[in-house]
Structures are given as structure tokens and as C-alpha cells.
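What follows is a single structure, written as C-alpha cells, with notes after it.
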Amino acid sequence: MRFGIFYEHQLPRPWTEGLEQKLFQDALDQVELADRLGFDNVWEVEHHFLEEYSHSSAPEVFLAACSQRTKQIRLGHGIVLMPPGYNHPARVAERIATLDLVSNGRVEFGTGESSALLELGGYRVPVAEKRNAWQEAVEQCANMLAMDPYPGFRGQYFEMPCRNVMPKPVQRPHPPLWVACSNRETIKLAARLGIGALTFAFVDPAEAKQWVDDYYRIFREECVPIGHAVNPNICMVSSFGVHHDVEEARRRFRDGFRFFQFALGWHYGFGEQIPGRTNIWELFQQALPNMPEGGQIAEGGIGTPDTLREHLRKFEECGVDQVAFIQQGGRNRHEDICEALELFAGEVMGEFKERAAERTKRKAEALAPHIEAAMKRKQWMKPLADDEIPPVVALGRQVAEQAQAAQPADDRPNPFREALESGEALRRAAKDRAEA
């Protein structure tokens, strides 16, 4: 099983000067440490306007910074908001490919649609259309990353003409695709589309087994890939906090994760946010005495190395491919987070790593015929033949041609005509060189 660390960049009020800067710098230090310790992935969300819960509106910038401070850890968008109201698919393709280049091919391309009205309303993304908009954008973004040139597209939610979207990624045809899954139906959709399931439902291992079984059954029987390659993997997000003294682990990390749950519920379920004024941390403090302890779902990853090992073995036995830890939540201290990462790597991670290679090999062999069948079911976007690629006339030439058409037909010097003739001569020379 693989292991990742997961960031929302939470920042409870009050916000003193320099606090956001420290938040990001501490996170970069944690990622650098995780890379040295042998963690497999860092995941970074994209959220907008979700105060205190997530100050992560430009994950591509944070992950690019991570890429230059690390060597091995894979850089996961967990996730890019894909409805075109948030991000034009071509701009996403350009950013993903660029990050893949600067990181030497370490990108995981997670996608999603959002369900927070602060985000959806802020970018005018219709709630009823967000799923279809996500699917259209993901499919076309994958086409842009893989095709040379991209033939162009006219869909329900965006359109663009034929263009060669540059640069192209290191990982061909494109980095592994994922989708955020907060319920069982979305994990079934991920299987049908042949993409990884990045799950945020905080299910216990018993329920996780049902999710995993659903995913691989549907993948084997029904998958029609949305991309040019499949990524049959499941990542479960878990609480995290380790110390040799269980009570100290709870003291350091439990309230941070409980704030994570409260702020998540506030923005997505029961809250009423006044932008720039609501103090969610204060509301959390008022609610804390009446909040349930959280049980296995909330605290399975918070405890001693032995209790965490037991927690993770249950996910491994279910067939989960990766567990991503939420270590940065509420007011969890940077120093405590780093100490916990080191303790986990030193006393727990090794045994799971030892089993990972053989498990991955067996899984690949078992899925190979189903992947072959899935790729045959895909309806591929038709590439353009060379003579079908429409030329794009430069703006300057268009202006010159329009000006020339407006000039009287005489022999007087005409700078527009001269520019056109010079351009035509250059084009002929370039054509002759190409043919030679």
C-alpha cells in the first residue's frame, strides 16, 4: 500500500499578520520531509472562498514549489475543479503538462466538480449541470494532453477551435487521472470511466471493502475509459496523528481533525457564511463540548504506531491502494506534524512498503485483460489528417489584407502590399525547405 499526505491549508481565525505565509512555508517543509522519509504522494486541493477550511485556491503554484524541493514524491492535484466556469480545459492541460515537465513526470491529475455553494455561486457554475460539465471537460482535457493537434470541440459547456495545446507532459499519453469521490455512487462512476477514486467519505474499513469491491467489479465489466489510459486505483483519506503515548496523540491531533470535520460540515452541509466575517473557529469551540468523539472513522489514524498499524492493515486487506493522511487540520502544530511523520515512517510504513511491489504486480496481471477490453470499448476522438488541419492566419496579415483591399489599385508605393509580398516569399521559402 502507498501513503500520501493531504493538504487543505486550513487556517482558523484569528488571522494575524504573517500567518498565511507561515502556513504555506510550514507545508513546504513538511512535504520536503515526507519526500525524504519515503512517502509516495502529496495531495493538494483546489478550493475557493472556503474561509478557515481551505486557503488553497492555486494548487498548481504550491505543487510547483513542492516539485523543486523534492525528488521522488508524486504531486497530486486532489483536485482540479474542472467545470469550465472554474478553469478552461486548455488552461488546465497547459498547467498539468508544465508541472509534469518541471517535476520530471511526477504528476497525478485529480479532478472534481465541487459541491460548495460559495465556490459554485462565486464562479456561476450551475449546480444541476456541474457533473456533466466536469465529465465533458475531463475528457477534452485528456484529449488536449494526448493529441497533436487537438482537433477542436463544440460541446455543451465550452468550445474551442483546432489548436496544438502545448507543452506535452512527460507521462504519455497523460498523467494518471483521478476523481474526488464523496459517496458510493461516485466511486462507481470512477470505475466506469477508468479513473482513480480519491475518496473523501472517511468510511471505516468494513464499508471501504464494499466500495473497493464495487469499484473493481464495475471496472472489469463496464469500464469505458474517459482518458487515453486507465488508472484503476483507490485512495482513501484518513485522519492521522502518531505518538507513543495514545493520550498525547489525541491531545495533539484529535481537535485538529474534529475542526476539519466541523468546517467541512459548515461549508458543505449546515452553515451560513458571511464572507469575511463568520468566525468558524469560534463556532467550533462553542460546539465542541457537544460533538461526538468520532469513533473509528475520525480517530482510526490517531494513536500509537501499533494502533495505526492495525488501522492500516484493515484498509490493505480491503484492497485499498493508497491511504492519504490529513495531518494538517485546525491548529495542529508544525512541529508535532513533523514528529508524527518521522515516527510513522520509522516504525509503521516499512512493512506495508515491503508488500506493495508484489501486490502491485499481481493486480496488474489480473487486470490486464480487462484493461485491454476497456480500451477497445472507448470511442476515440478522430485525429485530423494533415490536409484537414485548418490554417490560422496571423492577425497582422489579416489587417494588412483588409487595408490592401481598401487601397486604390494603382502603382503607388503600398507598405501593406510590400508586407504581404515579403510574407508570401518567406512562406514559399519555408515550404521549399520542408519539401527538400
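The values are calculated or read from the model by the stated rules, or taken from the named source; none is laboratory data. What you see is a predicted model, and the numbers here were worked out from it, not measured in a lab. We place every Cβ from the backbone using ideal geometry, glycine too, and count neighbours over all the protein chains shown.
Descriptive notes on the structure:
- Among the residues listed as 434, 409, 368, the single one being of a type in the set (A, V, I, L, M), out of contact with any Cys (no Cβ under 9 Å at 6 or more places or on another chain) and at pLDDT 90 or above: 368
- Hey, residue 83 surrounded by 23 or more Cβ atoms within 10 Å (Cβ to Cβ) and closer than 30 Å to residue 274 by Cα or not: yes
- Going through (1) under 27 Å from residue 321 (Cβ atoms); (2) out of contact with any Lys or Arg (no Cβ under 6 Å at 6 or more places or on another chain); (3) surrounded by fewer than 21 Cβ atoms within 10 Å (Cβ to Cβ) one by one, residue 32 falls short only on (2).
- Qualifying residue in region 113-128 (condition: in a helix (DSSP H, G or I) and of a type in the set (Phe, Trp, Tyr)): no
Yes or no, residue by residue, for (1) within 30 Å of residue 32 (Cβ to Cβ); (2) buried (at least 21 other Cβ atoms within 10 Å of the Cβ):
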residue	(1), (2)
143	no, yes
149	no, no
158	no, no
174	yes, yes
196	yes, yes
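- Scanning region 42-61 for residues that are crowded, with 21+ Cβ neighbours inside 10 Å, polar (S, T, N, Q) and assigned by TED's automatic domain parsing to the domain that holds residue 133 turns up at least one hit.
- Residue match in region 178-189 (condition: hydroxyl-bearing (Ser, Thr, Tyr) and not in a loop (DSSP other than H, G, I, E, B)): yes
- Of note, residue 376 satisfies the criterion of being over 30 Å from residue 24 (Cα atoms) and of a type in the set (Lys, Arg).
- Residues within region 42-72 that are in contact with a Lys or Arg (Cβ under 7 Å, 6 or more places away or on another chain) and touching a residue at least 40 places away in the same chain (Cβ under 8 Å), tallied: 1
- Of all residues in region 252-266 being surrounded by 19 or more Cβ atoms within 10 Å (Cβ to Cβ) and of a type outside the set (A, V, I, L, M, F, W, C), the one that is farthest from the chain's Cα centre (by Cα): 252
- Out of 80, 92, 31, sole residue that is in a helix (DSSP H, G or I) and either under 12 Å from the mean Cα position of the chain (by Cα) or closer than 21 Å to residue 197 by Cα (or both): 92
- Here residue 350 meets each of (1) surrounded by 10 or more Cβ atoms within 10 Å (Cβ to Cβ); (2) farther than 30 Å from residue 241 by Cβ; (3) of a type outside the set (D, E, K, R) with one exception, condition (2).
Here's the yes/no breakdown for (1) under 26 Å from the mean Cα position of the chain (by Cα); (2) under 30 Å from residue 248 (Cβ atoms):
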{"site": "268", "(1), (2)": "yes, no"}
{"site": "283", "(1), (2)": "no, yes"}
{"site": "286", "(1), (2)": "no, yes"}
{"site": "292", "(1), (2)": "no, yes"}
{"site": "304", "(1), (2)": "no, yes"}
{"site": "332", "(1), (2)": "yes, yes"}
{"site": "340", "(1), (2)": "yes, yes"}
{"site": "353", "(1), (2)": "yes, yes"}
{"site": "358", "(1), (2)": "no, no"}
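- Each residue in region 126-136 was checked for being in contact (Cβ under 8 Å) with a residue 24 or more places away in the chain and either among the aromatic types (Phe, Trp, Tyr) or over 22 Å from residue 226 (Cα atoms) (or both), and 1 of them qualify.
- Residue that is modelled with the lowest pLDDT [pool: residues in region 106-117 that are out of contact with any strand residue (DSSP E or B) (no Cβ under 9 Å at 6 or more places or on another chain) and either β-branched (Val, Ile, Thr) or surrounded by fewer than 19 Cβ atoms within 10 Å (Cβ to Cβ) (or both)]: 115
- Test: residue in region 294-317 that is outside any loop (DSSP other than H, G, I, E, B), in contact with a Phe, Trp or Tyr (Cβ under 7 Å, 6 or more places away or on another chain), aromatic (Phe, Trp, Tyr) and surrounded by 22 or more Cβ atoms within 10 Å (Cβ to Cβ): no
- Criterion: over 20 Å from the mean Cα position of the chain (by Cα) and either under 29 Å from residue 101 (Cβ atoms) or surrounded by fewer than 21 Cβ atoms within 10 Å (Cβ to Cβ) (or both) - qualifying residue of 190, 206, 180, 249: 206
- Residues that are modelled with pLDDT of 95 or more and among the basic types (Lys, Arg) were ranked within region 209-221; the one that is surrounded by the most Cβ atoms within 10 Å (Cβ to Cβ) is 220.
- Filter result for residue 46 (more than 15 Å from residue 102 (Cβ to Cβ), of a type in the set (Asp, Glu) and in contact with a Leu (Cβ under 6 Å, 6 or more places away or on another chain)): yes
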